[in-house]
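I have placed the structure first, in the form of structure tokens, so that the comments after it can refer back to it.
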Amino acid sequence: MSKRVVVIGVAGVLVVALVVGLYLFQPWRLFTDRTADEALLLPATTTTTSTVGSTTTPVTTTPAPPAGPVALASGPFRSLDYTTTGSATLVRLPDGKRAVQFEALDTSDGPDLHVYLSDKPADSPEAAFDSGFTNLGKLKANRGNQVYEVPAEIDLSTVRSVVIWCKRFSEGFGVAPLEQG
């Protein structure tokens, strides 16, 4: 076998390895952002001030008509392997459907990110979120407001948190509590 054939064979193997590595790791996602701007089911929480006498105190309100969507549980995201901020709210709609909304989500972009409803509390160790979950689908964007429908057959009494999870590498990006009180 000639030296040229060996060099061509090695080069071919290296090119295939490079292509497979780029597909799996998608390193460009370290430098990219995708933003979603879906309409929230519940308006963003607002803060107003109330003045009684000479004292001004902040009052937090969530405006919503009684017949409209209802927040069942809500909490801020906690970072797991990547810095993640924003909040998640479990919402019941007037027609009985349920959804999870992410407000002002900001996390790293990554390959194969999914949204999981988990039966584990948000303060659980990261490895716990790799089981006991319902997959709501691919994460629409790593930034912004977004809404995910919750299947009707899901028993909400078992839901403790929502997780942004990378299926390809079995690692969590962020988790928010959704325990109903």
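The values are calculated or read from the model by the stated rules, or taken from the named source; none is laboratory data. Note that this is a predicted model, so its numbers are computed, not measured. A quick note on method: Cβ atoms are made from the backbone with ideal geometry, for glycine too, and the neighbour counts reach across all protein chains shown.
Miscellaneous remarks
- Count of residues meeting criterion [part of a strand (DSSP E or B) and surrounded by fewer than 13 Cβ atoms within 10 Å (Cβ to Cβ)] in the stretch 136-181: 3
- Test: residue in the stretch 116-128 that is surrounded by fewer than 19 Cβ atoms within 10 Å (Cβ to Cβ), at pLDDT 95 or above, under 19 Å from residue 38 (Cα atoms) and not charged (D, E, K, R): no
- Among residues of the stretch 130-168, those that are in contact with an Asp or Glu (Cβ under 8 Å, 6 or more places away or on another chain) and without any contact (Cβ under 8 Å) to a residue 24 or more places away in the chain, counted: 1
- Total residues in the stretch 86-118 satisfying the condition of being under 15 Å from residue 146 (Cα atoms) and among the hydroxyl-bearing types (Ser, Thr, Tyr): the figure is 4.
- Note on the stretch 72-126: residues that are more than 15 Å from the chain's Cα centre (by Cα), not hydrophobic (A, V, I, L, M, F, W, C) and not in a loop (DSSP other than H, G, I, E, B) amount to 2.
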